Amino acid sequence: MSSLLSPISMIEHASVVITPMIHLVYVASFVIGIYMMGMGGWRMFRYGHLSVEDPKLTVSSIIWSIIIGSGMAALGAIMGAGLLTTMGSATPSPLAYTGPGGSDIATAIVDIMHFMQFLGVLWFATGCRMMYRLNVNQARQDDFHGKAWTHLIGGLGLFDIAGVAVMLANLAGTSLPF
């Protein structure tokens, strides 16, 4: 009979798989980004030959395909550069929790931050994809620009949740215990 894991142990074991999942999202966004750039090139070719016959082909849809596709292809570099710029490290900053609970809580906070970073990467990639669909006139029923921008900005905020917490504390004129 196996022994039961404590909640802290379960969080530690779950956090081991988050980094490979983030890398999987980076690889998937790279492939999707290359596809979007290729479709932008294909649209550019078709625009030169069929612009009168296909009203969905516009210069802006071609440009947005290439811009968003290149952003998706470089998603890993963009996210890493964002963390390096604000925190000096390409991984989430380990918050040093000084409240009750000691080191177990500090470990859980770091692992939870990694999970939030994973969600931020997913939401940012979803926002890029939604923006792409909106700008090439292939939006789904529930897609709109406000939702796409919410995903983009919220994803960036979640990706660097420690930096955002420090920034908000500084804006409010307070200091955080880390």
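The values are calculated or read from the model by the stated rules, or taken from the named source; none is laboratory data. No experiment lies behind these values; they were computed from the predicted model shown. Heads up, the Cβs are rebuilt from the backbone with ideal geometry, glycines too, and the neighbour counts pull from every protein chain shown. Side chains are part of the model used for accessible areas, which takes the heavy atoms of the whole protein and leaves out ligands, DNA and RNA. Shrake-Rupley method; radii C 1.70, N 1.55, O 1.52, S 1.80 Å.
Just a few scattered comments:
- Members of the range 42-61 that are surrounded by fewer than 14 Cβ atoms within 10 Å (Cβ to Cβ) and in a helix (DSSP H, G or I): W42, F45, G48, H49, L50, V59, S60
- Extreme residue, modelled with the lowest pLDDT, among residues of the range 89-135 that are closer than 21 Å to G157 by Cα, open to solvent by 20 Å² or more (accessible area, probe 1.4 Å) and of a type in the set (S, T, Y): Y97
- Scanning the range 136-178 for residues that are polar (S, T, N, Q) and more than 30 Å from R43 (Cα to Cα) returns N170, T174, S175.
- Residue ID - nearest to I32 (Cα to Cα), chosen from residues in the range 136-153 that are open to solvent by 30 Å² or more (accessible area, probe 1.4 Å), in a helix (DSSP H, G or I) and of a type outside the set (D, E, K, R): H151
- Verdict on V166 being touching a helix residue (DSSP H, G or I) at 6+ places or on another chain (Cβ under 9 Å) and without any contact (Cβ under 8 Å) to a residue 24 or more places away in the chain: yes
- Residue in the range 69-85 that is out of contact with any strand residue (DSSP E or B) (no Cβ under 9 Å at 6 or more places or on another chain), part of a helix (DSSP H, G or I), at pLDDT below 65 and open to solvent by 80 Å² or more (accessible area, probe 1.4 Å) present: yes
- Residue in the range 159-175 that is over 20 Å from the mean Cα position of the chain (by Cα), open to solvent by less than 30 Å² (accessible area, probe 1.4 Å) and at pLDDT below 80 present: yes
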